[in-house]
Each structure stands twice: as C-alpha cells, then as structure tokens.
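The values are calculated or read from the model by the stated rules, or taken from the named source; none is laboratory data. A quick note: this is a predicted structure, and the numbers were derived from the prediction, not measured. Please note: Cβ atoms are built from the backbone with ideal geometry, for glycine as well, and neighbour counts cover all protein chains shown. Protein only, heavy atoms only, side chains kept; ligands, DNA and RNA dropped before computing areas. Shrake-Rupley method; radii C 1.70, N 1.55, O 1.52, S 1.80 Å.
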Amino acid sequence: MASIITPITSSLEAPKAVPKANHREGISTTRKPSRLRVQAMSPAKYKGTRMKEKHLKEMIEKKVTEAKEVCIGDDLSDECRVAWDEVEEVSEARAHLREKLEKYRDPLEPFCNDNPETDECHVSEDDVTDS
Amino acid sequence: MAVCTVHPTQSLNPTCSISKPSSFFGHSPRQLVFLASPACNSSTIPRGRDGVLRVTCSSGDTIVIGLAADSGCGKSTFMRRLTSVFGGAAEPPKGGNPDSNTLISDTTTVICLDDYHSLDRTGRKEKGVTALDPRANDFDLMYEQVKALKEGKAVDKPIYNHVTGLLDPPELIKPPKILVIEGLHPMFDPRVRELLDFSIYLDISNEVKFAWKIQRDMAERGHSLESIKASIEARKPDFDAYIDPQKQYADAVIEVLPTQLIPDDNEGKVLRVRLIMKEGVQYFKPVYLFDEGSTISWVPCGRKLTCSYPGIKFAYGPDSYFGHEVSVLEMDGQFDRLDELIYVESHLSNISTKFYGEITQQMLKHSDFPGSNNGTGLFQTIVGLKIRDLFEQITEAKAGASLQAAKA
C-alpha cells in the first residue's frame, strides 16, 4: 500500500489546498497548511464516498452470508434467487463505484466543491476505520 | 437538441438572410417560423400566402439506441467507445444526485433502464422477484419517457440508487441528439422496441461471464469462487426466461465466447467474438470481409504480418439467426501490435469510417479500456461507427423530407 505522509506545518486555518498524495512537493516548505494524510488503496476523496464504499463492502459480505443461509434446502426457491440477485446488485454497485473513482472523479466532487464544510465532504482519512 | 435544416432549392442572394428564432424548438408545434430579410425575393424562397416562410419538421431529431447488457449500467466500455466515436467523453451529470446512473456527453445521453424499476430492493424481496423479472419494472413509464425524449421533450426520470436499493427523486433529462437506453430490458416491451432506431445485444457466454465476474469480485471479502458461481447460477433461470429472448430482436448481437485457439483455456483472457448483423435493416449495411455474402476464413498472420501466440483468426459468412438472415463477422485471438490492427482494418469493408485508419485510431485512443486488443473492442468500435453513420443518414433523410414538405 503506497503511503505518503506530509507533516502538518501550520495550524488551524481552514485548509485551502490539500496536497494530493502524489504531489511533487512531498514535504511542505511553505506556510500553507497541509494535512497529515495517508493515501490508502481507496482513491475516494470525500468521507461520504468512503462511507459508501465501506457500506457496499459490508453489504457484499452480509448478502453472501444471507444467500447461503436462505438457499439451504431449496436453491430454486424465489427467496434463494432473490438473495443471490441482491449479491449481484451490491457486487456490481461496488465495482461500479470503484471504477467511477478510477476513471472519472469522486462522485461527490461537484457537491463538495460548493459545500466543503459538510460532514460528508470531510477529506481526512482517519475517520473511517476499516475493520 | 432538435436540428431542423432548411436547404433552399436555389442559392440565396447574399443580402437575403434567413434566421431561426433563437428559442429552443422543444415541444412546440411542428412548424418552424423563419424570418427572411426583405432582400429575399419571393422567387427564391417558397412562401405561404401570408408571405411567411414555413418549414415542417418531423418531431424531434433524437435517435434512440437500445443496448441490452447484464453488466450493470454506465460502466460498460461499449458506452465509452460509442460516445468517443461521436466526440467527447460521457460523464455522470455534474451536480444532482451523485448516485445517478446517467451519463451525458455533448451529443449523447445514456440512460440506465434500472431507473425504471417499479420495485426497490425491499419491494422485490417482499414480492420474491429478481431485478431481471419484468414485474420489477415499469414499462409504461419507460415507453412514455423514451417516446417523449424522442419527440424532443425533456422528462423527469426516476433514479434507482444501486447503493441504497431505493428509488431516489427524479432528475431532469433533456432530449439529446443520441439517446442510448442501456440495461436488462431495452427490447422487452414491444412499444419501446418500436422506438429504437438501432438495437444491440451483448451476449456473453457463461464461461466468459464467470471469468469476468471472478476478476470483478474475487478481491472482495465475502466472495469466493463458490459464491460467484452460485450467484450466476441462481440468476440464470430469470435471465434465460426474460433477458436472453431479446436477442432475436437485436439488429446487432455481439457474442463473446472462449477462444478456440488455445485448447482448454479457461482464463477468459483470449476471446472469440462474433458480430452478428441483421440483413435488411434500414440505414445499416453489415461489415464484410473481402466478398460480401460469401464465406471466408482468414488468418492474417503469415508472410506479410507476424503475430505472436495465439495469433488472430477471422471468419465471415451469411447465416440464419432466429429465422432472420444475418451476416456474421468473427474474430478469435488478440492484437499485439498497431500494425496488426491497421492491417486488419484495411481488409474490412463497409466499416463506415470517415478516413483510413479511423478504427485503429479509436482503438489506440482507448488502449486502456478492456477488450482493446481483441474482438470486443474492435466490434464495439465498428458498431459505434455504424451508429454514427445511421445517425447521419437519418438526419439527412429528415432534412430531405422537410424540404419536400416546404416545396409542397
């Protein structure tokens, strides 16, 4: 996992520019506030999107377990087929979000550009723990 | 955007100008009023009794393409190749619901048919129906809105949120030049079928589907080979009953199969892809190899072209598909180098390119897309060019029709 840590140089002003993980100036020498940031595997920028990713990952696990249980006995029942269809739906949603992040941008970007102070637009990564 | 072109029968005298009203020609009556300057004498421009030039346009100029695929919406590479052929990249709408499934470019809007689910995830669970089941979808609304867009009217389309499994508040969709409806059921309802100017079905064989879903899901906690397999198997009855039969209606089917060049290949990396093209479709001339209507088997690798393992093999010929006459172009294997691609392109006919090497250029432009080195990328690009050709022919035909009406 690639990680780049940029030291916090100054204080409590609202960050104007958050240096990107692969930005050339690894160590900030100016007085521009920067953040301690660890770039994890997820390219999601905003908390709202990271929460969504976490939610989808958990859903996949949950739905697979549910499907296995429901299908014991009769794997042709409606309940069984619906359960596996749900697994497919969340797996696809997870893959789709991952792809959107890789190919376009964080889906919350237009909203967060206008509303950076909302909770879901929080940029720091240490608020979502990956269990 | 509705485009209604007027071609005067005689060349205009330079001081004679014709202008259109600047307001958007939406769902106003079918006649356009033109303002002609006084220098335009009545001998050059047909006028009505009140001296005003009128042109009758056919309703809307939106062409509608249907794409049936079981790969979720908007992520299909096909969409990106298609919109690229038209110019520009299709992106999720800026602002609005971040979970929107819609993609918009300058010319094209891609709508995900999951947005027409009548039942959300909870509703489907209660009724015991999968998303593949027609009972989970509102075909009346689908028909109504696709028809409206085709006629040049904007619609408030619902949003099905795949993350939450709920139906979100609608988003406004304006009529584009090209509307693509993508999803599980574009050709299911006969009324919607009638609205389609062209339709494509992506037919992925079970082995390839399995290989692709493994690539997609294996890294996810919770998934294993068994769960991936079980999910495909469980969806199969509904898929076979409701989705698969649509392929008989498609103008073009892209069939993706495992390669025949490598014995027992089960990685799904080398693919055999067949482009099945219906004969007799208006504005659509099937692609062919060497001699139209004959049967050809072609291995381009040899003295002029060296290919690396497993090479490339083409086939072409007429066939019958669900009772329709079709032409089938098939490619098995992979492109390794640029010169293989250009060599193959130079031997294909009726590819609707605007310049020599356009297919190669498009494939290179998106060399990071999946399928860029095999038949899936090649045939998707070709179908994209065919759709562009179709669009231009239809636009020209409509312009011709309105000219006739103006003369009358």
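Taking residues in segment B:304-327 that are touching a residue at least 60 places away in the same chain (Cβ under 8 Å), and partners anywhere that are in a loop (DSSP other than H, G, I, E, B), the pairs with Cβ atoms closer than 8 Å and at least 6 places apart or on different chains are B:HIS324/B:GLU279.
Of the set (1) free of Cβ contacts under 8 Å to residues at least 60 places away in the same chain; (2) part of a loop (DSSP other than H, G, I, E, B); (3) open to solvent by 40 Å² or more (accessible area, probe 1.4 Å); (4) not polar (S, T, N, Q), all apply to B:PHE335 but (3). Being at pLDDT 50 or above and of a type outside the set (Val, Ile, Thr) is not true of A:HIS23.
Rundown of residues vs (1) in a helix (DSSP H, G or I); (2) closer than 27 Å to A:ALA83 by Cα; (3) open to solvent by 20 Å² or more (accessible area, probe 1.4 Å), yes/no style:
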{"site": "B:ASN101", "(1), (2), (3)": "no, yes, no"}
{"site": "B:MET142", "(1), (2), (3)": "yes, yes, no"}
{"site": "B:VAL146", "(1), (2), (3)": "yes, no, no"}
{"site": "B:PRO169", "(1), (2), (3)": "no, yes, yes"}
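Taking every residue in segment A:100-113 that is part of a loop (DSSP other than H, G, I, E, B) and pairing it with any residue that is aromatic (Phe, Trp, Tyr), at least 6 positions away or on another chain, the pairs with Cβ-Cβ distances below 6 Å are A:ASP106/A:TYR46; A:LEU108/A:TYR46.
Kindly check whether there is at least one residue in segment B:364-372 that is within 24 Å of B:PRO258 (Cα to Cα), more than 22 Å from the chain's Cα centre (by Cα) and of a type in the set (Asp, Glu). No, segment B:364-372 contains no residue that is within 24 Å of B:PRO258 (Cα to Cα), more than 22 Å from the chain's Cα centre (by Cα) and of a type in the set (Asp, Glu). Looking only at segment B:272-310, residues that are closer than 20 Å to B:PRO258 by Cα, open to solvent by 70 Å² or more (accessible area, probe 1.4 Å) and modelled with pLDDT of 95 or more come to 2 in all.
Note on segment B:177-216: residues that are in contact with a helix residue (DSSP H, G or I) (Cβ under 8 Å, 6 or more places away or on another chain), in a loop (DSSP other than H, G, I, E, B) and within 12 Å of B:ILE65 (Cα to Cα) amount to 4.
Count of segment B:126-140 residues, restricted to those that are open to solvent by less than 40 Å² (accessible area, probe 1.4 Å) and either more than 30 Å from B:LYS398 (Cβ to Cβ) or within 11 Å of another protein chain (Cβ to nearest Cβ) (or both), is 9.
Entry remark, segment B:256-271: residues being out of contact with any helix residue (DSSP H, G or I) (no Cβ under 9 Å at 6 or more places or on another chain) and open to solvent by less than 60 Å² (accessible area, probe 1.4 Å) number 5 in total. Residues considered: B:LYS153, B:LYS157. Of these, the only one that is surrounded by 16 or more Cβ atoms within 10 Å (Cβ to Cβ), away from every other protein chain (no Cβ under 14 Å) and in contact with a Gly (Cβ under 9 Å, 6 or more places away or on another chain) is B:LYS153. Just give me the residues in segment B:68-96 being under 19 Å from A:ARG98 (Cβ atoms) and either modelled with pLDDT of 90 or more or touching a His at 6+ places or on another chain (Cβ under 6 Å) (or both), in sequence order. Listed by number, the residues that qualify are B:GLY72, B:LYS75.
Does B:GLY123 qualify as being part of a loop (DSSP other than H, G, I, E, B) and either surrounded by fewer than 17 Cβ atoms within 10 Å (Cβ to Cβ) or within 11 Å of chain A (Cβ to nearest Cβ) (or both)? So B:GLY123 fails the test. Note on segment B:171-188: residues that are open to solvent by 20 Å² or more (accessible area, probe 1.4 Å) and of a type outside the set (A, V, I, L, M, F, W, C) amount to 3.
For every residue, the table says whether it meets (1) in contact with a Leu (Cβ under 9 Å, 6 or more places away or on another chain); (2) within 25 Å of B:ASP389 (Cβ to Cβ); (3) among the charged types (D, E, K, R).
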site	(1), (2), (3)
B:GLY280	no, yes, no
B:LEU305	no, no, no
B:ILE312	yes, no, no
B:PRO318	no, yes, no
B:GLY323	no, no, no
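Screening segment A:116-131 for residues that are part of a loop (DSSP other than H, G, I, E, B) and at pLDDT 85 or above and picking the one that is nearest to the other protein chains (Cβ to nearest Cβ) gives A:THR118.
Residues of segment A:76-96 that are more than 7 Å from chain B (Cβ to nearest Cβ) and open to solvent by 70 Å² or more (accessible area, probe 1.4 Å): A:LEU76 alone. Checking each residue in segment B:245-269 for being in a helix (DSSP H, G or I) and touching a residue at least 12 places away in the same chain (Cβ under 8 Å) picks out B:GLN246, B:LYS247, B:GLN248, B:TYR249. Restricting segment B:208-227 to residues that are open to solvent by less than 40 Å² (accessible area, probe 1.4 Å) and of a type in the set (A, V, I, L, M), which is nearest to A:GLU58 (Cα to Cα)? Result: B:ALA211.
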